[in-house]
Amino acid sequence: MKSKRLLQAALQSLAKNKEQTTAARITTNTVVLAGPGSGKTKTLTTAMARSLIEDVEEPRGVACITYNNECAYELEDRLNALGIERGDRVFIGTVHSFALSQIILPYGRCVLPDWVDGVTVATDQDRAEAIEIAYKATINGNDDPKKRWEFASDKRKLVVDRESPDWRGRNPELADFIEAYEAELRYRKKIDFDDMPLIAYDMVARHAWIRDSIRAKYPVLFVDEYQDLGHALHLLVLKLCFESGIRLFAVGDADQSIYGFNGAEPSLLENLSKRADVTTIKLKFNYRCGTRIISASMAALGEERDYTGPDGAHQGVISFHPVKGGQAAQAAYVLGTLIPKLQTEGYSLNDIGVLYRWAKHGKDFVELAEARGIPFVRADNQALIKRNSPVARFVERCARWAIGGWKLANPKFAHLLRDATSLVFGMSATDAERKQIGLELISFLKPLEPAFPVHDWLASFRSKVIGPWALRARTIGEHWSDLDEMIERTEPSGKGSALSIGVFCGDTAGAGALNLSTFHSAKGREFRAVILLGMDDDVIPHPYNVNNPRKLKADRREFYVAVTRAKEELHIIYTEGHHSMFLPELAQRSQD
């Protein structure tokens, strides 16, 4: 069997790393603590493949919960390389997707008295209106409802169990506000994304038969980036794994927890790893970064860890670049001096990641790159392709297939068809519906030259395929309007007017494109050379956080993530005389 041969080869490739080998073969509840560049994804996918092939008998399978869809796509590709495809036996998706497709939709009509057919995901306008109505019905004060909702939203994410004393025992007015908001959404036949894991937890907590049903289907639950997934996922894990007998394999790194604004809490992973009924394995090697970069990253984090490079690892380069002037001057220096120098040293634009803390810090850089005709791919909230949007990523993959991916089966048309069917019908597609979706998709996806205008292609895709699909979709969690935003941003009168379909999907005929990203969006990625732009004293740490130990630690984790994206070279750019307070420590360690 091909998958068995591929699995044995994968296990053999881990043989020199005792911790990875142990993790891939273990059959008890396990937490793998995996630092940057430690081979986490390889270990996770090998463990998943081994469990499917050796531990779990058909038709049972395994589920893997990820932080975002980007992580899900990578895991899917890795499993494909091991001869295993996502399907009835393999679920890979976000906690929201797991909650919706594996718990709420299959069982909601049985246990939720107010659940009705036709429920859809709330739009931003739905949410804003519900907040206004709920505020007037409960608090009705003089402050801004949106500002008050920020506190309510935090409570909603942190206090998942509404039977607990904390729900009404602390800030009961916020509990009233939340419940009124949710009631308004239900009246509109809507749920929001935060609803999904909350509803799923409530169902699982109240009904043992639902837990038993999930265990029957998925006896093993894998969780990637556990530190980023928040309280609702944590309580789901406790119910499903430690009360109901599903085996847990969780991977994460508390030092890389940078999504506190979404309810992530690093202590959840730390506490899980300390349980007596959990085996904890720490991956110690950093295969990505040069040894100097590994050492300097400890200064960025502000704490020592025992990570090391493998035997024979390169040292890496760390350089500091003070620039006279602000963001515009820094952009001019990087584009006019530093990047050309890297290119003379053999780096392509594809090899270079330009990282900045927030999207606004990349504004001057983007404008100058556009003016100079330097190609780039942007991964922040201004990006053409929303990395966490299944619709946007599906469209991107279709574009890649059309300009030559069909020749290399990268991506395979079968995978596009499966994704299309999932977007439109979820898990309920009939054979006839799958066939019809396939005919519609292949009729549209004609081979194109990479220079074809992407705006025209996107508009045609919407009118001929995506629009009709959205009208007959039975799924409730897809943002079909993401394609409208992509079309709008490539209007001939806009900044994306010259964008070709090749550049849109990352094929630039060998010329390459710079990778632009915020620190948050760069998590999980790596580049031969990383340029940290705008590392000034008013950027990181945020001035308000300097005297707040908890927030300062969170800023350090964010900086640590940025530093550890670099494989060979790390270049730090800042305004002369206004460097971040983190830089002197980093400079000292880089000389050790």
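The values are calculated or read from the model by the stated rules, or taken from the named source; none is laboratory data. Not measured: the values here are computed from a predicted model. All Cβ positions, glycine included, derive from the backbone under ideal geometry; neighbour counts span all protein chains shown. Please note that ligands, DNA and RNA were not included when accessible areas were found on the heavy atoms of the full protein model with its side chains. Shrake-Rupley method; radii C 1.70, N 1.55, O 1.52, S 1.80 Å.
For the pair Glu57 and Ala328 in one chain, pulling the backbone fully straight at 0.36 nm per residue adds 91.6 nm over the alpha carbon distance. Normalised size of segment 131-265, defined as Cα radius of gyration per 2.2 N^0.38 Å with N residues, equals 1.17. Stretching the chain fully between Ser13 and Asn142 yields a gain of 40.1 nm (0.36 nm per residue, less the alpha carbon separation). Taking other residues whose beta carbon is less than 13 angstrom from the beta carbon of Glu568, and scoring Lys, Arg as +1 and Asp, Glu as -1, yields +1.
Add +1 for every Lys or Arg and -1 for every Asp or Glu among the other residues with Cβ under 11 Å from the Cβ of Thr45, and state the total. Once all neighbours under 11 Å are counted, the net charge is 0.
Of the accessible area of segment 1-147, computed with a 1.4 Å probe over protein heavy atoms only, carbon and sulfur atoms account for 49 percent. Accessible surface ranking for Tyr356, Tyr67, 1.4 angstrom probe, highest first: Tyr67, Tyr356. Once the Cβ-Cβ distance of Glu440 and Asp124 is raised to the sixth power relative to R0 = 30 Å, the FRET efficiency obtained is 0.50. Each of Lys360, Lys553 has its accessible area taken with a 1.4 Å probe; listed largest first, they run Lys360, Lys553. Taken per residue, the accessible surface of the chain reaches 44 Å², heavy atoms only and a 1.4 Å probe. Cβ-Cβ distance of Ser463 and Glu179, R₀ of 41 Å, FRET efficiency by 1/(1 + (r/R0)^6): the value works out to about 0.45. Taken over the C-alpha atoms, segment 354-416 has Rg and Dmax values of 14.9, 41 angstrom. Convex hull volume of the Cα atoms of segment 1-117, normalised per residue: 134 Å³. With Cβ to Cβ distances under 14 Å as the rule, what net charge do the other residues near Phe444 carry (K, R +1; D, E -1)? Local net charge: +2.
Computed with a 1.4 Å probe over protein heavy atoms only, the accessible area of His571 comes to about 10 Å². Normalised by 2.2 N^0.38 Å, with N the number of residues, the alpha-carbon radius of gyration of segment 405-456 equals 1.29.
In plain terms, if you count all Cα to Cα distances in the chain and split them into 10 Å steps from zero, the share in each step is 3, 15, 25, 28, 21, 7, 0 percent. Beta bridges from DSSP with both residues in the chain: antiparallel share about 5 percent, rounded to the nearest 5. At a 1.4 Å probe, what is the % contribution of carbon and sulfur to the accessible area of segment 310-367? The computed percentage sits at 52.
Sort Glu76, Glu132 from largest to smallest accessible area, using a 1.4 Å probe on the heavy atoms of the protein chains.
Glu132, Glu76
In a fully extended conformation the segment linking Asp114 and Thr430 would gain 111.0 nm over its present Cα-Cα distance, using 0.36 nm per residue. Within the straight-line cut-off of under 27 Å between alpha carbons, the lysines reachable from Lys282 are Lys4, Lys16, Lys18, Lys40, Lys42, Lys239, Lys274, Lys523, Lys551, Lys553, Lys567, sequence neighbours fewer than 8 places apart in one chain being disregarded. Segment 380-415 to segment 272-306: how many Å between their Cα centroids? One Cα centre to the other: 34 Å. The distance from the alpha carbon centre of segment 530-567 to that of segment 6-50 is 31 Å, rounded to a whole number.
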